[in-house]
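The values are calculated or read from the model by the stated rules, or taken from the named source; none is laboratory data. These numbers were taken from a predicted model, which means no experiment stands behind them. Positions of Cβ are generated from backbone atoms using ideal geometry, with glycine treated the same way; all protein chains shown enter the neighbour counts. Side chains included, ligands, DNA and RNA excluded: accessible areas come from the protein's heavy atoms. Shrake-Rupley method; radii C 1.70, N 1.55, O 1.52, S 1.80 Å.
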Amino acid sequence: MKPNRRPLIAGNWKMNLNSSTAEKLAIEVAAQADKFDLDILLCPPSIYLERVGKAINTSTIHLGAQDCHGNPNGAHTGDISPPMLRDVGCEYTIVGHSERRADHVETNQIVAAKAESAWAAGITSIICVGETDDERSSGAALNSVSAQIHSSVPDGADAKNTVIAYEPIWAIGSGKTPTTTEVAQMHGAIRGFLKQLVGEKSAQGIRIIYGGSLKANNARPLMALADVDGGLIGGASLTALEFIAIAESCL
Ligand code: PGA
């Protein structure tokens with residue numbers, strides 16, 4: 001598909017499922033995953049990470065968290081640090097999802113600290129950016145995403161430690177998606193912002209994935225775009241068949 005960039009299909013289960021339905025879904029996805037030449041990642045609620053990790057242990061699927069703290073340990077009641085995530089087998093963590101930015105007032109600076117803290121534990125950060133509905137309709141989408149990239153992506157980002165997820169906030173869970181032209185423009189622009197930040201070589205290697213109402217029936221044309229290197233999937237990742245069908249659309 002894309003030179004030197006292995007597609008990544010990530011399921012963000014958000015605050016859904018219980019321990020047995022999470023395990024069942026993981027087993028169903030794992031049964032299919034080995035036939036795909038791409039990275040498949042499951043991000044269950046943190047309380048189920050260990051159980052899901054065991055369920056996918058013998059498959060090629062990767063385990064990821066939905067968030068992490070910006071410190072490795074300390075007096076942060078209720079939080080989970082990157083070394084703890086690494087300890088239970090996480091190779092990735094999402095940081096700066098728009099729901100975290102909104103619900104927990106996470107600024108770009110907090111998101112950057114989380115991304116760096118994940119790196120220090122050997123975890124790849126999936127840094128999320130995206131514009132609001134108002135920003136899209138007023139023509140401010142590019143500026144908004146540029147500001148988020150410049151302030152949320154720490155120095156030293158490269159193909160191994162960082163993935164960018166472009167998720168227009170208005171597309172998340174809404175059933176609406178941008179046009180292929182809009183996605184192509186934004187992903188191309190993000191690649192350009194990354195070049196300014198980390199240089200041509202690193203920027204060319206960093207995967208930029210799309211998220212927001214991605215489904216089996218709309219994924220193929222989006223996944224075929226030159227700077228789209230996979231997807232971050234919420235609702236449609238809760239059904240193994242649908243999630244696997246989206247993975248298939250990358251091939
Ligand atoms: P959605 O969520 O696929 O349900 O729109 C995507 C996300 O928020 O990561």
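Couple of notes before you dig in:
- Cβ-Cβ contacts under 6 Å between residues 6 or more apart (or on different chains), taken from a first residue in region 68-85 that is at negative phi and in contact (Cβ under 8 Å) with a residue 12 or more places away in the chain to a second residue that is in a loop (DSSP other than H, G, I, E, B) and small (G, A, S), are listed as H69/S81; P72/S81; P82/A121; P83/A121.
- Tally of residues being closer than 15 Å to S151 by Cα and over 12 Å from the mean Cα position of the chain (by Cα) across region 84-104: 1
- Out of E91, E50, E99, sole residue that is in contact (Cβ under 8 Å) with a residue 60 or more places away in the chain and open to solvent by 60 Å² or more (accessible area, probe 1.4 Å): E99
- Here the condition is being modelled with pLDDT of 95 or more, under 27 Å from S81 (Cβ atoms) and over 15 Å from the mean Cα position of the chain (by Cα); of G130, G122, G188, it holds for G122 alone.
- When we screen V95, V88 for residues that are touching an Asp or Glu at 6+ places or on another chain (Cβ under 6 Å), closer than 19 Å to A121 by Cβ and among the hydrophobic types (A, V, I, L, M, F, W, C), the only hit is V88.
- Qualifying positions in region 131-151 - in a helix (DSSP H, G or I) and within 16 Å of the ligand (Cβ to nearest atom): D133, R136, V145, Q148
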